[in-house]
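**Q** Sharing a structure below in structure tokens format, with a few things to ask.
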Protein chains: 2
Amino acid sequence: MKPIKVALLGCGTVGTQVVRLLDEQADDLAARAGAPIELTGIAVRRPDRHRDVPKDLLTADAAGLVASDVDVVVEVIGGIEPVRTLLLDALRAGKSVVSANKALLAESSGELFAAADESGADLYFEAAVAGAIPLLRPLRESLAGDRITRVMGIVNGTTNYILSAMDETGANYSETLEEASRLGYAEADPTADVDGYDAASKAAILASIAFHTRVTANDVYREGISAVTSADIVAARTLGRTIKLLAICERVGDSVAVRVHPAMIPRSHPLASVGGAFNAVFVEAEAAGQLMFYGQGAGGAPTASAVLGDLVAVARNRVHSGRGPRESAYAALEVRPIGQVRTRYHLSLDVADRAGVLASVAAVFAEHDVSIAAVRQEGRTADASLVIVTHAAPDAALKSTVDKVAGLPAVREVVSVMRVEGEES
Amino acid sequence: MKPIKVALLGCGTVGTQVVRLLDEQADDLAARAGAPIELTGIAVRRPDRHRDVPKDLLTADAAGLVASDVDVVVEVIGGIEPVRTLLLDALRAGKSVVSANKALLAESSGELFAAADESGADLYFEAAVAGAIPLLRPLRESLAGDRITRVMGIVNGTTNYILSAMDETGANYSETLEEASRLGYAEADPTADVDGYDAASKAAILASIAFHTRVTANDVYREGISAVTSADIVAARTLGRTIKLLAICERVGDSVAVRVHPAMIPRSHPLASVGGAFNAVFVEAEAAGQLMFYGQGAGGAPTASAVLGDLVAVARNRVHSGRGPRESAYAALEVRPIGQVRTRYHLSLDVADRAGVLASVAAVFAEHDVSIAAVRQEGRTADASLVIVTHAAPDAALKSTVDKVAGLPAVREVVSVMRVEGEES
């Protein structure tokens, strides 16, 4: 049987594991794909720096490797350029692509799918979202006969580690981030993780596939975790909740709302107990009801597992002249701006302890047509506090309400404002 | 675009939902499959009894419907015959089959796949295991590049409902079963569920796919829940554990062990909180690590969701001249008898409260080469009890140990014997 020739672009944590597994499981992979899978080259920036992979496979010429006689290009470099150009070249030349590149897929999947379509090549990217967790294939194929209404998940391990640690130790954000960096859970430049860019890319990919439409990272409303304070964590705990950075994709009529932000969820919610570097994603569909997928969201071996699953599929398609799924964006749904998205807010206020405070605060809510679900007043001294949880209302109305409440004479300080998810509204 | 013609065999809870969704989501399904999906007939035993589906589609002649001009046969009847013959006829005639029939697939998947292979038809059966939860596709495709080592899950809703209720109310097995029947959670004849036959079929299907081998229901070691007592439940609770009916598929060297039995798991284990009619399956793979899949394991709409996902895949394969996955049984692993499977036991004994009891009991364990992990003695009166949890040992050795311990003069009664899962051994 003619082998399927594979070029590997990138050889960091994930690439090294891909090379190892291709070697160790060669017989199994060949049996499953229907032909041997042969690694013909590995493109890296500095070939002399990679000692743990076969030296004769290494090259600094990625473009040359892509142009060589290969059937499949596996990309684990990340970032937009030069990867975008390399993968477009591969697809245009009829070479199938397996990629773990969330940033690129969240920006350019339309362009990449178009190139794949023209030449009949395959484009797979299970590893781009939630590492080892099978998510894109179930959403795209297993639920193809259903109508997905909501996807909500923890899809970034670094922020989940930091928020879990803040919850456990009571330490503030910057201390915890520092500790996370020291332990290797956060990168030297943690911006992509802590500011929610990574999660936003994944949310865009999930929304595109779940709702059969095209959503890019720019369409995703994004708030990171750097504004989460110890006071927020305490406020959440007091209410039996915990704070997680969530990626939320919703179908609302003929539009989609896609957002990434920290939110309070009940401690009894299955996502609440997802700790450390684990990922978990809830999916709600009309017929299937509620589903959850849980597993390791990052790391060399788990991500390599997802890459190899795609590689076997691509290879089998080559052997049997099959085709993988193409872009499914027929629904072409509008993206709803965050201001129109209905959410719930939690609000914790330091107020003057005098009669009429609640009345004045409640009046502001009423004025903005925001319905209050629960109020708790605490303290009868100078340091009184008022905790309010709202029913679902448009985000813009909630924002204006908070702004106006903050300006009330009786309100000393807005201690914590946080969206609330995972409960009936 | 030429429509894909579909015959539906059976129209009970699941079939009715399939008909509804085919109608309500016709446009979406057509867009995803690449062609309209047209239901051309529904075979039922008594056409006059079905008022909630289009009358002109109903027929009592299943064989005639299968032989008619259709592309796909969807089967939601259940049981072995006449379904086996109908589906073999369909596959031999090149018609693709989507089935939710765990009993048939656990017995005859080899024969069915062979017929599919000969004619080039597809055979899909996601709905046969764990209802709406995407499980077979992830195991077969997403993890195709990995080496699955273990699959452990709650795959039967009826028994999970009964065990959860026993745990909550303290009621005994027969009372709880009666209540479950009254509420519609157990069938009039609950044998298939409570004796573990249903779970064993699902375990056989999971093991076959996870380990690329052929396992039939007869290969599965099976114990139901009818012997679980209130004393077992109390014993579990005392140790911070709960009892679940588990389907466990393990790869051990070049063999597989597949078993269904009640077992104690720690209350902190994610499977412990899976209540009522929900299903959840843990998967361990070498590279991916630990994954969990959770959702509704039964019911009309959830099962119909899985059926329709398969139907879209089959239809798309027809449109694009593709082929779905065939049987992957290249590994041809031996099935290890239960006696050789390494498990852990929990043992709760009523013993005479005198010196030397523990010594005599421990001697029996030592004699059978079974290592004790923990012992607790309670009571200094006539009613002393001894609770023992072992390390992993061959099941046969554990059984012999229990038999011999039961015959010791100092042992009044063996109150509870239960395997222990979900912890490091």
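**Q** Any residue in region A:212-229 that is within 14 Å of chain B (Cβ to nearest Cβ) and hydrophobic (A, V, I, L, M, F, W, C)?
**A** Checked region A:212-229: no residue is within 14 Å of chain B (Cβ to nearest Cβ) and hydrophobic (A, V, I, L, M, F, W, C).
**Q** I need the full set of residues from region A:274-292 which are at positive phi and touching a Pro at 6+ places or on another chain (Cβ under 6 Å), in order please.
**A** A:GLY289 - this is the single residue of region A:274-292 that is at positive phi and touching a Pro at 6+ places or on another chain (Cβ under 6 Å).
**Q** Scan region A:214-228 residue by residue and report those that are in contact with a helix residue (DSSP H, G or I) (Cβ under 7 Å, 6 or more places away or on another chain) and either open to solvent by 40 Å² or more (accessible area, probe 1.4 Å) or under 30 Å from B:LEU29 (Cα atoms) (or both).
**A** A:ARG214, A:VAL215, A:THR216, A:ALA217, A:ASP219, A:VAL220, A:TYR221, A:ARG222, A:SER226
**Q** Inside region A:169-183, can you point out the residues that are without any contact (Cβ under 8 Å) to a residue 12 or more places away in the chain and part of a helix (DSSP H, G or I)?
**A** Correct list: A:THR169, A:SER174, A:GLU175, A:GLU178, A:SER181, A:ARG182.
**Q** Scanning region A:270-279 for residues that are in contact with a strand residue (DSSP E or B) (Cβ under 8 Å, 6 or more places away or on another chain) and within 30 Å of A:THR16 (Cα to Cα), which turns out modelled with the lowest pLDDT?
**A** Among those residues, the one meeting the criterion is A:ALA277.
**Q** Return a yes/no flag: does region A:250-272 have any residue that is free of Cβ contacts under 8 Å to residues at least 12 places away in the same chain, open to solvent by 40 Å² or more (accessible area, probe 1.4 Å) and more than 12 Å from chain B (Cβ to nearest Cβ).
**A** Scanning region A:250-272 turns up at least one residue that is free of Cβ contacts under 8 Å to residues at least 12 places away in the same chain, open to solvent by 40 Å² or more (accessible area, probe 1.4 Å) and more than 12 Å from chain B (Cβ to nearest Cβ).
**Q** Now, a different point. Filter region B:386-402 for residues that are polar (S, T, N, Q), outside any strand (DSSP E or B) and buried (at least 20 other Cβ atoms within 10 Å of the Cβ) and give the result.
**A** B:THR401
**Q** Which one of these is of a type in the set (Asp, Glu) and within 14 Å of another protein chain (Cβ to nearest Cβ): A:ASP23, A:ASP61, A:ASP71, A:ASP52? First the steps, then the outcome.
**A** Details: A:ASP61 fails: within 14 Å of another protein chain (Cβ to nearest Cβ); A:ASP71 fails: within 14 Å of another protein chain (Cβ to nearest Cβ); A:ASP52 fails: within 14 Å of another protein chain (Cβ to nearest Cβ).
Sole residue among the options that is of a type in the set (Asp, Glu) and within 14 Å of another protein chain (Cβ to nearest Cβ): A:ASP23.
**Q** Could you grab me the full set of residues in region B:72-90 that are open to solvent by less than 10 Å² (accessible area, probe 1.4 Å) and either closer than 23 Å to B:VAL19 by Cβ or at pLDDT below 95 (or both)? Quick ask: steps written out before the conclusion?
**A** Initial filter on region B:72-90 (open to solvent by less than 10 Å² (accessible area, probe 1.4 Å)): B:72-75, B:83, B:87-88, B:90.
Hits for region B:72-90 are B:VAL72, B:VAL73, B:VAL74, B:GLU75, B:VAL83, B:LEU87, B:ALA90.
**Q** Could you list, in sequence order, the residues of region A:143-202 that are within 14 Å of chain B (Cβ to nearest Cβ) and closer than 14 Å to A:GLY297 by Cβ?
**A** A:GLY153, A:ILE154, A:GLY157
**Q** Is it true that B:GLY196 is at positive phi and under 17 Å from the mean Cα position of the chain (by Cα)?
**A** yes
**Q** Taking the stated definitions as given, is A:ARG344 more than 30 Å from A:ALA121 (Cα to Cα), open to solvent by less than 40 Å² (accessible area, probe 1.4 Å), in contact (Cβ under 8 Å) with a residue 40 or more places away in the chain and not polar (S, T, N, Q)?
**A** yes
**Q** A:GLY322 versus (1) touching a His at 6+ places or on another chain (Cβ under 9 Å); (2) over 18 Å from A:LEU29 (Cβ atoms): which is the lone unmet condition?
**A** (2)
**Q** Given the options B:VAL44, B:VAL19, B:VAL53, name the one that is open to solvent by less than 20 Å² (accessible area, probe 1.4 Å) and either over 17 Å from A:ALA287 (Cβ atoms) or acidic (Asp, Glu) (or both).
**A** The match here is B:VAL44.
**Q** Any residue at all in region B:286-296 that's of a type in the set (Asp, Glu) and in the same structural domain as B:VAL258 (by TED's automatic domain parsing)?
**A** yes
**Q** Let me ask another. For residues that are among the small types (Gly, Ala, Ser) and surrounded by 20 or more Cβ atoms within 10 Å (Cβ to Cβ), scanning just region A:299-323, find the one that is farthest from the other protein chains (Cβ to nearest Cβ). Walk me through it before giving the result.
**A** Of all residues in region A:299-323, those among the small types (Gly, Ala, Ser) come to A:299-301, A:304-306, A:309, A:313, A:315, A:321-322.
So of that shortlist, the ones also surrounded by 20 or more Cβ atoms within 10 Å (Cβ to Cβ) come out as A:301, A:304-306, A:309, A:313, A:315.
Working: A:ALA301: 4, A:ALA304: 6, A:SER305: 4, A:ALA306: 7, A:GLY309: 5, A:ALA313: 6, A:ALA315: 9 Å.
Among residues in region A:299-323 that are among the small types (Gly, Ala, Ser) and surrounded by 20 or more Cβ atoms within 10 Å (Cβ to Cβ), the one farthest from the other protein chains (Cβ to nearest Cβ) is A:ALA315.
**Q** Hey, A:PHE282 hits all of (1) at the interface with chain B (Cβ under 8 Å from one of its Cβ atoms); (2) modelled with pLDDT of 95 or more but one; which does it fall short on?
**A** Result: A:PHE282 fails condition (1) only.
**Q** For region A:92-121, what are the residues that are open to solvent by less than 10 Å² (accessible area, probe 1.4 Å) and of a type outside the set (Gly, Ala, Ser)?
**A** A:VAL97, A:VAL98, A:ASN101, A:LEU104, A:LEU105, A:LEU112
**Q** Continuing with this model, one more query. Against the definition (in a strand (DSSP E or B) and open to solvent by 70 Å² or more (accessible area, probe 1.4 Å)), how does B:ARG354 come out, yes or no?
**A** No.
**Q** For region A:330-338, does any single residue satisfy the condition of being in a helix (DSSP H, G or I) and within 14 Å of another protein chain (Cβ to nearest Cβ)?
**A** Within region A:330-338 (the criterion being in a helix (DSSP H, G or I) and within 14 Å of another protein chain (Cβ to nearest Cβ)), the answer is no, since none of the residues qualifies.
**Q** State whether one or more residues within region A:299-319 are among the small types (Gly, Ala, Ser), more than 30 Å from B:ARG20 (Cα to Cα), in a loop (DSSP other than H, G, I, E, B) and touching a residue at least 12 places away in the same chain (Cβ under 8 Å).
**A** First pass over region A:299-319, keeping only residues among the small types (Gly, Ala, Ser): A:299-301, A:304-306, A:309, A:313, A:315.
Narrowing the set further to residues that are more than 30 Å from B:ARG20 (Cα to Cα) leaves A:299-301, A:304-306, A:309, A:313, A:315.
So of that shortlist, the ones also in a loop (DSSP other than H, G, I, E, B) come out as A:299.
Right, trim to touching a residue at least 12 places away in the same chain (Cβ under 8 Å) and you get A:299.
Yes, region A:299-319 contains a residue that is among the small types (Gly, Ala, Ser), more than 30 Å from B:ARG20 (Cα to Cα), in a loop (DSSP other than H, G, I, E, B) and touching a residue at least 12 places away in the same chain (Cβ under 8 Å).
So that you can scan it fast, the table gives a plain yes or no per residue for (1) of a type in the set (A, V, I, L, M, F, W, C); (2) assigned by TED's automatic domain parsing to the domain that holds B:HIS261; (3) buried (at least 24 other Cβ atoms within 10 Å of the Cβ); (4) not in a helix (DSSP H, G or I):
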{"position": "B:ALA127", "(1), (2), (3), (4)": "yes, no, yes, no"}
{"position": "B:ARG140", "(1), (2), (3), (4)": "no, yes, no, no"}
{"position": "B:THR149", "(1), (2), (3), (4)": "no, yes, no, yes"}
{"position": "B:GLY153", "(1), (2), (3), (4)": "no, yes, yes, yes"}
{"position": "B:THR158", "(1), (2), (3), (4)": "no, yes, yes, no"}
{"position": "B:ASP167", "(1), (2), (3), (4)": "no, yes, no, no"}
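**Q** Of everything in region B:22-41, what is open to solvent by 30 Å² or more (accessible area, probe 1.4 Å) and in contact with a Ser or Thr (Cβ under 8 Å, 6 or more places away or on another chain)? Give them in sequence order.
**A** Selection gives B:ALA31, B:THR40.
**Q** Another question, if that's okay. Quick check, is A:SER96 in contact (Cβ under 8 Å) with a residue 40 or more places away in the chain, farther than 17 Å from A:SER328 by Cβ, touching a strand residue (DSSP E or B) at 6+ places or on another chain (Cβ under 6 Å) and not assigned by TED's automatic domain parsing to the domain that holds A:HIS269? Quick ask: steps written out before the conclusion?
**A** Numbers: in contact (Cβ under 8 Å) with a residue 40 or more places away in the chain: yes; farther than 17 Å from A:SER328 by Cβ: yes; touching a strand residue (DSSP E or B) at 6+ places or on another chain (Cβ under 6 Å): yes; not assigned by TED's automatic domain parsing to the domain that holds A:HIS269: yes.
When the stated conditions are applied, A:SER96 passes them.
The values are calculated or read from the model by the stated rules, or taken from the named source; none is laboratory data. Remember, it's a predicted structure, so these values are computed and weren't measured experimentally. When we count neighbours, we look across all protein chains shown, and the Cβ atoms used for this are built from the backbone with ideal geometry, even at glycine. Just so you know, the surface numbers come from the protein's heavy atoms only, side chains and all, with ligands and any DNA or RNA stripped out. Shrake-Rupley method; radii C 1.70, N 1.55, O 1.52, S 1.80 Å.
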